[in-house]
Every structure is written in structure tokens, then in C-alpha cells.
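Encoded as C-alpha cells, the structure appears first; notes follow it.
The values are calculated or read from the model by the stated rules, or taken from the named source; none is laboratory data. What you see is a predicted model; the values in this text were computed from it and never measured. Please note: Cβ atoms are built from the backbone with ideal geometry, for glycine as well, and neighbour counts cover all protein chains shown.
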Amino acid sequence: MCGICGLIDLTRSGRADPALCRLMADRIRHRGPDGDGFYDAPNVSLGMRRLSIIDVRGSDQPLYNEDRTIAMVFNGEIYNYRELRELLKRRNHIPNTEGDGETIIHLYEEFGLSLFNHLRGMYAFALWDTKNDRLVLAVDHIGMKPLYLHQRDGKLHFASEVKALYADPHIPREINLDTLDTYMSFGYMIGAETLFAGVTRLPPGHALVVDANAEPRLHPFWQFPAPVRTGSSAEGVVVTEARDLLSDAVRLHLRSDVPLGLFLSGGIDSAAVLALMSREAGGRIKSYTVGYDTATPDNELLHARRIAEHFKTEHHERVIGAAEWWDGLLKAVYHHDEPIANSSAISLLLLAEDTAREVKVVLTGLGGDELFGGYATHQMLPQLLANQAHWGKLLAPLDGPLGAVESAYPAMKRFRVIGALPTYLPRIRQAGMPRDEAIRRMVSFDGMAFSDALRDRLYTRDVRAAWQRARHKEQTFGAIIQRSWRENAHDAAQALMINTWLTGNALLHTDKVTMASSLEARVPFFDPVLLKFAANVPPDIRMKSNKYVLRQALRPLLPEFALERPKQPFGTPILNWFDNELSANIRSVLMDPNAYIQQFFDRVELERLLKDHFWGRTSQVEVVFRLLTLELWGQRFIKPVSFERAVGAPAI
């Protein structure tokens, strides 16, 4: 596990800057405190920071092939590396190390860009092929390891985190206005674009190939597969195969030369990983849970403690309050790079701080919901399509009146009797809309969080013009729907959640907030073999109940109380904190006349929204959180001097 960075002169004029590459690597020192390594040539410079996990003493980077005509820097883990080493030895390759990363180089020599078919792991790498004057940048199949890109003046910069790109003073610190509405709508980014002008993320399951005298080209090698259902689909066969494949994935993810542990929530996903770890790992497993010092419906402490006691783990808890969460938020803004309005990311960052004091590697239960039907969207999308088929023409004329009511939703949320209306009325409106627009609004909870009414009130002329010109949200989401569409609506919902929430939010923040503490997070549910299996589970089995297949597969290994606990969201008590303990902090940030976001939103309407929320007339906690994160991000990355003065943040 590491952080990587580098640059290539696309004109092949010998303009690679080794000194800049070292500055870039220093910006991501937290990703790899155990050492660094560099490769320099006239047209390319590669750098990395290493967190030593496998072959601790012998796999310093860059890594090379036998004649050193290929050099590579690598971030991640290849879990099936032992099997790949044996395959490559039979094909007369002579490994220089005992590690996992080197297998990528020899697979490239053997199979070229088909090498990805052999990998089971998480990775981002930069491979320089001197014979063919080619750079290959790649991100794993599902996007567990990010890689950011910036191209200008005939050079391409790349890095595991955006802050490393900004080591080059010539890269402008500007917001991408074309994507601002996308962020405000979702609370995170979808697609390859970011909120940084000129900075993109390499999409999951893609390589970027940079050949001489040619424009960089994307090479797609994986996407969440459409179902191909052959053979037996009997429930017993499906359940048994799920258990076997998850067991194999956990077994591979336990390969490590350093101590490892587990992030344990009170839900079935991490409990499933713990049960399988208990069968495979020797000794007591170390488990780690985060919770809160206030009552909240989704406080995981008691549930996790009960599971830990059942499996006799060495259990650790991090209990946080509002002030500590606020400090974590300021750290998360720096480490996450991109603004993201996900309160659990801050809690995970604080948990990772404690965990990293004892272990270097932690497994997580992330993915059970995505693979096995745990989200409300997995039910809501089929219901939406059914409602459109039955009632769409009748409901279409109600779009205008229902849209007009949206402006009253924030006030409704404050009242117990009518507070549920903002949950149901948008669904009625969506049933009368065109399919893609309706699905986009459903996935982004449009109307319940951000809304047309708020866009009309808040956006300045420049923001509105950029949104209407670029239509980034609409076009990007339309492409995602096309990529995710399946004949069966339940299959489409599964693919859609993976291609939006998972890759744009959950996996991204898991990487960033754990690596902030030099902690490697592993996610067994996203083993490519298991992903392919999950795509092929028949919906009539998968959707029998919440995560039915997973619960049945783990029934022989888990106690009944863990199996039968209802699905609970993992969150924080921010609704209460925002109204009470953190109210003054938030108001001081957002109502500052010199606030960064003042240039994007109508000042009078922004002040009215904030006052209405904090004075109890409306409930806008989701919108306030998005605005708060955006403001802190803008101060940190676009106007860094003011942020450093305010909170003492490290320079970038």
C-alpha cells in the first residue's frame, strides 16, 4: 500500500522534472511513511511513498523486470500474487522480490493490456515501458485505489491525491463551475470529473495508455458485469456458492506480513467477514468500532460489542462527541481532497487514527449492501419503473404543481405529522417524469435534500449558466444509466448503486480517511470473482428480503442475533449536533461575509436559508452539510492561506 505520483512529457522533449516529482511525493507522505522511491528519465518521472505490507524488506520501489526495461510504481495489493508468481515462473520469469506488485510487470510482459484479467486485488499503478516508449496508468476494476490526472502544456501529471498535483505551482487552483450543481445535487461527484478545474479521476476498470506521438487513450478492461445466468440457479446452490466465494475472498485478503484487524460495525456485513476471519486466522482478532457519546438510533457500539464478545475478539471502541467530530471534519477536508457530504467518513477517519496505532491493515465489511441488495434503492427503482408504466401519463401533468410544493418541504420536516410528506411526494412526481430524470432524482434524493426550489433561489447567474451549458449532472448520470441498464430492474438497481454511490463516495472516502493514518483498508466483498457471482444471482432469490443470500450463506457461522438484526444505516447524530453543539461553529463559517461560497450563491437567499434552519423554521441539515463541506474545501484548496490561518492546517 502506497501513494504514487509522477509526470510525463507528452511531447517527448525531455521536460520531466525529477525535483517536482519529489515534491509531489512529499505531499502524500502520510500514505507511505516507510520510505520512498523514484524513477527518472528525460520524458518521465515516477515517484512513490511506501507503506510496507508484503515483503516488507524486499519490495522497495520502483519495481523492475529482469533487464530493467520496465519500471513501475504501485499502490495497493494483489491478493492472488502467490498463484501468479507460480504461473510466471513456469513461463520463465525470474522475480526480483517476494512481493505482490512485481507480478504486474511480468503479466504485462506476457499478456500486454490483457494483464488485468489475471488480477485479484486493489491497485493504482504507473508502468513505464522503455522499449515501446509507453506509460500505462491503471486503476483497479472497482476503483478502490484512486488516481488523479491533470494535463496541460503538453504534460500529464498524475497522483493518488489531488494535493500532490498542486505541488506544481503552475496548476491553477480553481473550482470547476460545470460540476458544482452535480456536487450540490448528490453531495459527492459522479463520473470522472471533479470539482477541481482541470483535474479528473481515472475511471475504475480503466487504464490510460500514453504512447509516443499519440494522445493519451482510455483502455477499459472491466465493468460491473451484466448477468449471464447459466447452470443451476437453485437457492441452495446459490447460497453455498456465496459462502464459498466469500470465504475464498477473505482468505486471500488475510495475506499480510504485518498485523491486521477488522472494522466491526453492528451489522451483518462486517460480522460475516469476522466469522470467516475466525476460521482462517490464527490467534485473537483485533476489532475496532466507532460510536457516539449521545443517543442515536444507529449507534453501533452495543451491537458491535455483542458480536465481538461472541467471537472473542480483542475489541476496541472509539467514542466521539460533537467537538471531536468537528476536528475530524477539518482533517477530513484536507485528506479527502474532493468535497464529500458524508458524515460517516469523519467518524471513520477518527476510528482509523486509533486503529493505525496497533495494526497496519484492516478488513472492512463494505460491499454487502451493494452486492446483495441492502439499500432502499434496490427496491425503489423497480417500484419507480412500475409506477411509471402504470401511472406515468396520468401523473405527468402534476409535475409543475408538485415541483412548486418543494419549496415547503424544509418547513414540513420540522413537524411530526406532515414531516414524512417530503419523502413521498417526490416519488409521485418522479413517476410522471422521463425515466432517466426520474431515476437521477431518486438516487440523489432530489426534493428531499437539494431541490429545484433551492436551485432557483440560491444559484447566482454564473453558476446557473455553467450548469445549463454543461449539463454535467444530466449527461454524466445518463451515461451511467446506460452503462448500468439491465433487462431486470433489480439488476439495474444493483449496477446503478455500484456505478454511483460506491465509486463516487463509499470507496473513495474509505481509501482517503484510512490512508490519512497510514492504514490499509481491504474490502473482501469486491473481489472480482465475488462481484461476477453477485451480478448473476437471480433477483427473485437476491431480493427475497434484505441481503437474503448473504444472511443464508452465513447462517451456519453467525449467531441468530447478528443474522436477524434489521438493516440500519451507519451515520452520526449530526442533526442534533448541527442544531446544538456545532451550531455556532457552522454559522461562523457559513455566515462570514468573506466566505468562499458567497460568490456562488445569492447572499440574501443563502442567509435566509441558514437563519431559517438555525432558528428552527425549516430543516435543511443535508443542504447545510453540503454547503459547509464546500466552504471548508474552498478555503483549504482554492484559498489555502485563509484556511491555514484559521485552523492551522498543513500547507499544500
Take R15 and tell me if it is more than 28 Å from the chain's Cα centre (by Cα) and under 19 Å from D168 (Cα atoms). yes
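So that you can scan it fast, the table gives a plain yes or no per residue for (1) among the hydroxyl-bearing types (S, T, Y); (2) within 20 Å of H335 (Cα to Cα):
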residue	(1), (2)
I4	no, yes
A16	no, no
A19	no, no
L23	no, yes
N43	no, no
L46	no, no
I53	no, no
V56	no, no
Y64	yes, no
For region 423-462 the number of residues that are assigned to a helix (DSSP H, G or I) and within 26 Å of A389 (Cβ to Cβ) is 19
Would you mind stating whether S287 is surrounded by 13 or more Cβ atoms within 10 Å (Cβ to Cβ), in contact (Cβ under 8 Å) with a residue 60 or more places away in the chain and of a type in the set (S, T, N, Q)? no
Has region 459-468 got at least one residue that is buried (at least 21 other Cβ atoms within 10 Å of the Cβ), more than 19 Å from K547 (Cβ to Cβ) and among the hydroxyl-bearing types (S, T, Y)? yes
Taking R279, is it in contact with a Phe, Trp or Tyr (Cβ under 9 Å, 6 or more places away or on another chain) and either in contact (Cβ under 8 Å) with a residue 40 or more places away in the chain or at negative phi (or both)? no
Which numbered condition R318 fails, given (1) among the charged types (D, E, K, R); (2) assigned to a helix (DSSP H, G or I); (3) farther than 21 Å from L51 by Cα: (2)
Please report, ordered by residue number, the helices (runs of 4 or more DSSP H) entirely within region 356-411 with at least 2 residues that are touching a helix residue (DSSP H, G or I) at 6+ places or on another chain (Cβ under 7 Å) and modelled with pLDDT under 85. 377-395, 399-405
Out of R626, R608, R636, sole residue that is assigned to a helix (DSSP H, G or I), modelled with pLDDT of 95 or more and not hydrophobic (A, V, I, L, M, F, W, C): R626
Residue check for I597: within 30 Å of R27 (Cβ to Cβ) and either among the acidic types (D, E) or in contact with a Phe, Trp or Tyr (Cβ under 8 Å, 6 or more places away or on another chain) (or both): no
Which of the numbered conditions does T313 fail, given that it passes all the others? Conditions: (1) modelled with pLDDT of 95 or more; (2) closer than 30 Å to L180 by Cα. (2)
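From the list E300, E314, E309, which one is among the charged types (D, E, K, R), more than 21 Å from Y79 (Cβ to Cβ) and crowded, with 17+ Cβ neighbours inside 10 Å? Show your work before the answer.
Details: E314 fails: crowded, with 17+ Cβ neighbours inside 10 Å; E309 fails: crowded, with 17+ Cβ neighbours inside 10 Å.
One residue alone meets the criteria, E300.
For every residue, the table says whether it meets (1) part of a loop (DSSP other than H, G, I, E, B); (2) at pLDDT below 95; (3) assigned by TED's automatic domain parsing to the domain that holds E353; (4) closer than 25 Å to M72 by Cβ.
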| residue | (1), (2), (3), (4) |
| --- | --- |
| M184 | no, no, no, no |
| V209 | no, no, no, yes |
| A214 | yes, yes, no, yes |
| A226 | yes, yes, no, no |
| V250 | no, no, yes, no |
Among the residues listed as R603, R587, the single one being of a type outside the set (S, T, Y), out of contact with any Gly (no Cβ under 9 Å at 6 or more places or on another chain), in contact (Cβ under 8 Å) with a residue 24 or more places away in the chain and not assigned by TED's automatic domain parsing to the domain that holds L301: R587
